[in-house]
Each structure stands twice: as structure tokens, then as C-alpha cells.
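The values are calculated or read from the model by the stated rules, or taken from the named source; none is laboratory data. Worth saying up front: this structure is predicted, and the values here are computed from it rather than measured. Neighbour counts run over all protein chains shown; Cβ positions are idealised from the backbone, glycine included.
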Amino acid sequence: MPFQSDLYMYCKRYFETVGATFLPAQEGALCVEIPRDVDKELTDRPFYWMWVEAMNENPPCTILYLTFSPELEPIDAPERAKPELITPGCYRMMRIYASAKTRGTFASTYESEGKLSPYAIFIVKISLISDRRQDFLESYAIDLTNLQVYGNVMEHLTKRKLQDERPLHAQIFPVPIDMDQIFTLLLQCVRLDVEERDHTWAKDAKKRLENELSKLDHYYLSILSSKEKVHAQQSPKELDRPFEKTLIENAQTNFESTTNSWSIEAERELRKAELIWRMEPKIEVRPQQIALAYLASAPV
Amino acid sequence: MYQYIEQMDLRKQLAERGDMPAGKWALFQLAYEAEKQFLSSSFDDFICLGALPGLVPFPHQIETAKRVVNELHGRALLADEVGLGKTIEAGLILKEYLMRGLVKKALILVPASLVLQWTRELNEKFAIHAFAQRNEWSWTTYDILVASIDTTKRDPHRSAVLSQNYDIVIVDEAHKLKNSKTRNWQLINQLRKKYLLLVTATPVQNDMRELFNLINLLRPGQLGNQTAFQANHVDSKRIPKNPQALRSAVGEVMVRNRREMGGVEFTERLVEVVPISLSKEEQLLYDTVTEFIRDAYVKLREKKRSVLSLITLQREICSSSYAALGTLETMQKDKRLTDQERIALTDIYHLAESVPNYTKVNRVIDLVKKIDDKVIIFTEYRATQDFLLYMLQQSGIKGVLFRGGYKRGKKDWMKDLFEHRAQVLIATEAGGEGINLQFCNQVINFDLPWNPMRIEQRIGRVHRLGQTRPVYIHNFSTKGTIEEYIVHLLQDKIRMFEMVIGKLDVILGPKAFEEDLMRTFMESGSDAEIRARLSALSHRVQTSGTEQLASV
């Protein structure tokens, strides 16, 4: 199963980067001893850690034994570790993703040689929201020497060889960094990009919302106007009450018999607010990650 | 055209850290990939399925969940028939909204007995971090909360709930909202919510107005105002005027999967009548009671007084003489009785006490021994239930009781005992809701309820998704009693057990059905007349089935 091995590769890379110790395990399984800070992120047991810290205990590091296929018999799992089957979306995997997301929010990185100039790399999530939602994950790079902006850079950067340490023999272009200015520039670019997109969805959503709102108005007006009619009809002249009228009154009492502060107008306002809340088209732009990359050439 | 929002939390985080990003590039990439993993990359995708390793929903459940999200825009009445997994559908919808980031705060309102079950299922099956409401502080402490609707509607809880915004509200057993004058309905109406799911197998029980009230919570005006609804859609209390039009209007807010629509394979139902002839003493008791009831029934009707206790007595005497003792005792205490009546009642009481053996119970014991597998025995009466347990134990058969009044924990415990220790589960009707007993495939109806919906709920405990064997249903029918007619009517005339009602629950007001039955029995002079009137009744049910709301 290719997806399973994707998961395997992902976990392997994750544990390598967070500094876990790899213990021998059969093929298709991962056995790792994880540092305490990672442990805290992967298993939800705050009270245990509270106790450990309060008592000054020093328990041995947790060992995880992860298997990636249901057919795999865990034969060589160490005594301290309970074998766990990893499937897409399982609890452990979700914790690993969450841990990677917090730990990967910020980064700085270098190419190994050449004359390096700094770039700010952004990952931005763009969400089109009405009562449904569509997300895009975009990446941008801003050249800090001349403020030129490049789009869709992750595709290219993943192919480059980047390292975490500042290379000894590289020449680095020093540039003062004004974060506010960079963010402003980024948001401007994103906005331009967003405006160029196809916005039929927003038109549709808006139309649907207006349609719903007018239906709502129509409904409440019909109730309110029939209420007035009922009051008018209550003049002593009209004694023979039509059957319909009784029905109208029934409909009224539905609302009037409720708590005194809750009127039909209040209900109308609430329903209206709910509709807008649910259906109004919105675009949300959220820069999620930022890295400082020192690159020998432009990313694209 | 749209609102444009820029979220600047990254800028804030960075400022707190001192303005210079630092960290590992490899993690940066891992984070980017993680984010991509569960991105809602199109409006129509259903992304939660990839994140639910422990759950394989049925196609109709996925279909329903998608339809609610994509076409009904998150406000819907989920009205599948019993046993098709409405809970799973609601869970899928909630999970999808959570993963898409459209829902953060959720409130799930259920009957008190189901709070823990819902909480557990959301956590285990859907990996949704739901909590059961415990006290006043729960409302603000947890984002996803399961609570009893009866607790919620009372202060201080009510005002706590009304002061918050909920991204989604789910109401299980939503037929409890059928009346717009109740506090239940008003609570849901006043809640501030974005999405709303109402879950029930029986959107209409007695009156079309119930459907109107449910739908008005979801989308006011969908069926016009009440006047228009009455004028356009209602012929009489239970009969729609223009089913086609109503169906299409309702279809925009309601999803109703029916068993017979296929897609889901149910095992066979095998129904058998177990005929029983009463002993001389029992027959004498039965006849005396029936005669007494017939006299009293006419008198009470003339005086326009309630005949309820008479109906109860008539039904109890069919179940077991033991069950009738309690009612007889209460009736004797009624001060409005004439001396003559009181004497008659005392005689009956003595007759009931002195019955030497119980044909029906002996028959159960034989049958249970013959089946030699797990059996559920249903009865309507707690007295019969206790009595059966005692008699079974006397003949060395292990049984456990199951009642509606049990707390959740006890219910689970009893279910567990039944699964692992005992051969027989003796349940009263109310024991039904929310309990699944698919490991058992033998049902004995010791007595039959006069309400078709309740019969379906009984069978629904075992004949549901997950049952792998055919289900055997044994209906006890005592010759020469009303029971014989009832079994005949429900089994042969309406063919209830085979066709799987679901239809009936919508068509027939159960109350009306019960009243019709009682009237038939009491007002008919002869056997032939009873048969004729029952034929008419079943004919009415069958024809109405085709033209009514059931088809919605």
C-alpha cells in the first residue's frame, strides 16, 4: 500500500528531525525512543507529567513501536513498548501532524555555498468560506534585498539542498529586516492574487443568501400582517370568526406564549443573523508559517 | 461581493519570539505537508473519511452526510428509519465540519439516558473530543458538549446556553420537539446556531403540524406560515393534501432513508405464531374479566369518563393474570364504583389469584429450551416481567431484566450479562431506545403492544445493521382472546413483521390506532363483527400506506 509507506516515510522524517533515537525494528515498523518534550506532544497525559515534575521523578524515555500494515506481526517489539498500528487519521498520526505543525511554524535555512541572499518564505492558507469551505495552501518568497515577490516556491525549494547551520565558507548578504514591512507586502500580493481568482462561488453564495433572506422576510411579514389583520378583525362588528382566523391565532400563540421578552421580531432578527453568519461569502487569508532562507539564487 | 479577512496571529507569535524566525527547515516542510494532508481542496470533497480509520460507514450514510453538507447547507432533518444508523450520519457531518474548520463549538442534545453513549461514540468512532455535560461550568469549559435536553432547558443551564453562539446544534430523538408550545421547542428556537441537525425516525407521530414545527426550526417559512401550511398541505390531521408538493418542499430540509430502498442488506425475518390454548381456570378468568370490562366500558363512555384503566386491564389480562393483579387492586380503591362493581372486581381478583398453572409461561419455557440460544422476551408489563424471570429461574434458565427506567450504566451491564452469562433477556418496551443486541436473533413477543411503532422498535433492537443471521420472531397468540385478533391483524392483515413498517410510523397515529382497536373490541357484538371491523381497519392502513406521507 503506497499510502501506508507515505506514512512510514513521514514518521521516519519526523522522528529524525525531532531527535528521537532509532532502535532496531523489522522492516515496515519503526521503533523509536522519544525525548520527553516530544513525548508530551504525542501523548495526552498532562497529569502524569505534573506528577513526574512534582515528585522529581526521572522515568526512562518512552519507546514507541509503530507498525504500518495490519498484516505485520510485531515480533521484535521491546518489552516497554506496546505495538501500535498507524493508519491515516489515527490518534497518534494526528498528534504527530499537530506536533510538526507547531514545531515547523518558524525556520531558518541556508544553502551550502555561494553568495547567499536572504528571502522570507511564507506559507499562506487561503480559505473561501460560505456555508461550505475550500482551502488553498500557497507559498510565497520575498527577496529581502529588493522586495521582489515570487509565488509557488515550495515546489522548487523542496528540490534544493538546504541545511540548518550557517555554512562556514559562504558569503552572506547582510540586510536589515523590517517584519512589518514584509508582512504588509505579502498581504498586498496575496490580495492581488485572490482578486484574480474565479469568484463565481461567492456570487452564488451571495445570491443564495439574498434569496434566503427574502424568503425569511416574506415569511415573517406574512405572520406579522396576519397578526394585524387578526387585531383588526377583533372589532365587535365581526362576530362570525372564520375558521382560518383561529388558525392564524394558533400560529401567533406559538410565539406569544413563550417568554415575554422573546417576541416574533426577536426571532426574526436571530434567524436573519444566523443566515448571514452561515452563508455570507468570506475569504480568509492566514499566513501560517514563515522561514528565513539564505539562497544562492532566486527560488523560482 | 465577499468579506475579506486577514488573520495576523503569525505576526503576533513572531513578535513575541523577538522577530527572527529560527527552527529546522525539515520541520517546516513536515508542517507544510501535514497542513496539505487534510486541506478542503474542493467545496464538494468529503475529507473526514480519510481521517476515520476505525469506521466503515455504509454508502447511504456517506451519501446522506454529503447531501446535508453540500445540498441542504447544514440545516437538516435526518429521518432515516430505525436501524439505519442516523447517529453515524450525524457524526460524519459533525466530523466533516470540524475538520473543515467550519465548526468549533458544538452542542449535542440527547435524552438523558443516551448522553454517555453519544459521548463515547463520538470519541471512539469519530475521534471527536466530546464531553458529557456535568455542571454549570461545563457550558463554557468545553467546545464539544453532549447534554440532556431536559437539563438544558432548565435554568441556570438554559441561560448559560442561550448566551453563547453554537456553530452546530444536534438534537437526537427530535420528535420531542414536535410541539412548538413546549420548552424543548422554544429552547431550540432561541438557541443561536449556525448549523442544525434534527435526528428522529418519526418526524410525524400524530399530526402533520409536528412536521411543520420541526421544519420551522430548520428553515422558517419553508412550508409557508401555519395558515398557508394548513391550507396548502393538510387535508386532515394526518393526511396531506398534495403529497407530491409536500414531498418536494420537505425534501429540501429532510433526508429519509428507508430500509426497502436497498443498498443495505438486512437478513431475513421469519415470523411464527405460537398458538396457545388456555386452561379451564384461565379461560374462566379471561371471560369474566372481558365481560366486566365490556359492561364498564359502555357505562364509562356514556359518562364520558376515561376508559384508560379498562384498556390497560384488558391488555394485561392477555399478558398474564399476574400482570392484572396490580390494576385490579387500584381499581378496587376507586371510590366511584358501585357496590355491585366492587364485588365483581373482588371476585375477579380472587379468580386471578387462584389460577393453578400458567399455560403461556410454560410454553415460553419449552420454547426457550428448544431454541437453545440467546432469546429476548418482550412484554409490556413489569409484573409479567418479574414473574417470567422467577418462573424461568425455577426451571434453571438464566435470565436478566431490562427496563427503560434503568440508568445507562445498568443498561450496559445488563446487556453485558446477557451477552456473556445469561440465555434470556426479559425486556419491557421502554428498554428499547439506543440499545443494540445484534448478537441475538430470537425474539419472543410474549404479548404484543397495540402500537405498531413499538413493535418495530422491539424488532429493531436485533434486526439492524450488523445482524448476520436471520431473525426469528415468535408471536404468542392465546386462542379465544383479543390477542388472537391482534396477532392476526398485525401479522396477517397488515403484514407488519415482513414489510417492516417505517411506513406505519408515519401514517398511523399510534394513539388513534390503539383507540380504534379498543372500540372495535368493545362495541362489536359478535366474532364476525370484530373480524369485519378489523378487515376494514387493515384495509384503511394498507391503502393509506400508498398515498400518504410515508412516501415523502
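A few points about this structure:
- Within region A:131-176, tally of residues that are among the acidic types (Asp, Glu) and either over 22 Å from A:ARG286 (Cβ atoms) or assigned to a helix (DSSP H, G or I) (or both): 4
- The one condition from (1) within 8 Å of chain B (Cβ to nearest Cβ); (2) surrounded by 17 or more Cβ atoms within 10 Å (Cβ to Cβ) that A:GLN163 does not meet is (2).
- Selection within region B:53-77 - assigned to a helix (DSSP H, G or I) and of a type in the set (Val, Ile, Thr): B:ILE62, B:THR64, B:VAL68, B:VAL69
- A:GLU228 meets each of the listed conditions (1) modelled with pLDDT under 80; (2) surrounded by 16 or more Cβ atoms within 10 Å (Cβ to Cβ) apart from (2).
- Residue in region A:145-159 that is on the phi > 0 side of the Ramachandran plot and either of a type in the set (Asp, Glu) or touching a residue at least 60 places away in the same chain (Cβ under 8 Å) (or both) present: yes
- Of all residues in region B:388-405, exactly one satisfies the criterion of being of a type in the set (Ser, Thr, Tyr) and touching a helix residue (DSSP H, G or I) at 6+ places or on another chain (Cβ under 7 Å), namely B:SER395.
- Odd one out for B:ASP19, checked against (1) more than 7 Å from chain A (Cβ to nearest Cβ); (2) modelled with pLDDT under 90; (3) surrounded by fewer than 15 Cβ atoms within 10 Å (Cβ to Cβ): (1)
- Members of region B:217-228 found to be within 9 Å of chain A (Cβ to nearest Cβ), in contact (Cβ under 8 Å) with a residue 12 or more places away in the chain and crowded, with 19+ Cβ neighbours inside 10 Å, listed by number: B:ARG219, B:GLN226
- Residues that are modelled with pLDDT under 80 and in contact with a Ser or Thr (Cβ under 8 Å, 6 or more places away or on another chain) within region B:426-467 comprise B:GLU433, B:GLY434, B:MET453, B:HIS463, B:GLN467, listed in sequence order.
- Residues of region A:271-293 satisfying the condition of being at the interface with chain B (Cβ under 7 Å from one of its Cβ atoms) and without any contact (Cβ under 8 Å) to a residue 60 or more places away in the chain: A:ARG271, A:GLU274, A:TRP277
- If you go through region A:131-142 and keep only what is more than 19 Å from A:LYS101 (Cα to Cα) and within 11 Å of chain B (Cβ to nearest Cβ), you end up with A:ASP131, A:ARG132, A:ARG133, A:GLN134.
- When region A:26-44 is filtered for residues that are out of contact with any helix residue (DSSP H, G or I) (no Cβ under 9 Å at 6 or more places or on another chain), modelled with pLDDT of 90 or more and surrounded by fewer than 20 Cβ atoms within 10 Å (Cβ to Cβ), the ones remaining, listed by number, are A:GLU33, A:PRO35, A:ASP37.
- Condition met for B:PHE58 (more than 7 Å from chain A (Cβ to nearest Cβ), in contact (Cβ under 8 Å) with a residue 12 or more places away in the chain, over 15 Å from B:LEU94 (Cα atoms) and surrounded by fewer than 18 Cβ atoms within 10 Å (Cβ to Cβ)): yes
- Taking the criterion of being basic (Lys, Arg) and either free of Cβ contacts under 8 Å to residues at least 60 places away in the same chain or in contact with a helix residue (DSSP H, G or I) (Cβ under 7 Å, 6 or more places away or on another chain) (or both), the residues of region B:302-334 that qualify are B:LYS303, B:LYS304, B:ARG305, B:LYS333.
- Restricting the search to helices (runs of 4 or more DSSP H) fully inside region B:146-244 and requiring at least 3 residues that are under 24 Å from A:ARG132 (Cβ atoms) and aliphatic (A, V, I, L, M) gives B:208-218.
- Candidate set: region A:89-124, residues that are at the interface with chain B (Cβ under 7 Å from one of its Cβ atoms) and in a strand (DSSP E or B); chosen: the one farthest from A:ALA170 (Cα to Cα): A:ILE123
- Which listed residue, of B:LEU84, B:LEU109, B:LEU94, is modelled with pLDDT under 90 and closer than 24 Å to B:LEU52 by Cα: B:LEU84
- Restricting region A:187-203 to residues that are outside any loop (DSSP other than H, G, I, E, B) and facing chain B (nearest Cβ under 10 Å), the residue that is surrounded by the fewest Cβ atoms within 10 Å (Cβ to Cβ): A:GLU195
- Filter result for A:THR145 (more than 9 Å from every other protein chain (Cβ to nearest Cβ) and buried (at least 21 other Cβ atoms within 10 Å of the Cβ)): no
- Filter result for the condition that a residue is assigned to a strand (DSSP E or B) and in contact with a strand residue (DSSP E or B) (Cβ under 7 Å, 6 or more places away or on another chain), over B:ILE108, B:ILE128, B:ILE93: B:ILE108
- Condition broken by B:GLU456, with the remaining ones in (1) in contact with a helix residue (DSSP H, G or I) (Cβ under 9 Å, 6 or more places away or on another chain); (2) part of a loop (DSSP other than H, G, I, E, B); (3) closer than 27 Å to B:LEU489 by Cβ satisfied: (2)
- Meets criteria (in a loop (DSSP other than H, G, I, E, B), more than 7 Å from chain B (Cβ to nearest Cβ) and in contact with a helix residue (DSSP H, G or I) (Cβ under 8 Å, 6 or more places away or on another chain)) for A:LEU128: no
- For region B:255-303, a residue qualifies if it is buried (at least 18 other Cβ atoms within 10 Å of the Cβ), at pLDDT below 80 and part of a helix (DSSP H, G or I), and exactly one does: B:ARG259.
- Note on region A:32-87: residues that are assigned to a helix (DSSP H, G or I) and of a type in the set (Gly, Ala, Ser) amount to 1.
- Test set (1) more than 17 Å from A:PRO287 (Cα to Cα); (2) at the interface with chain B (Cβ under 9 Å from one of its Cβ atoms) - A:MET179 fails condition number: (1)
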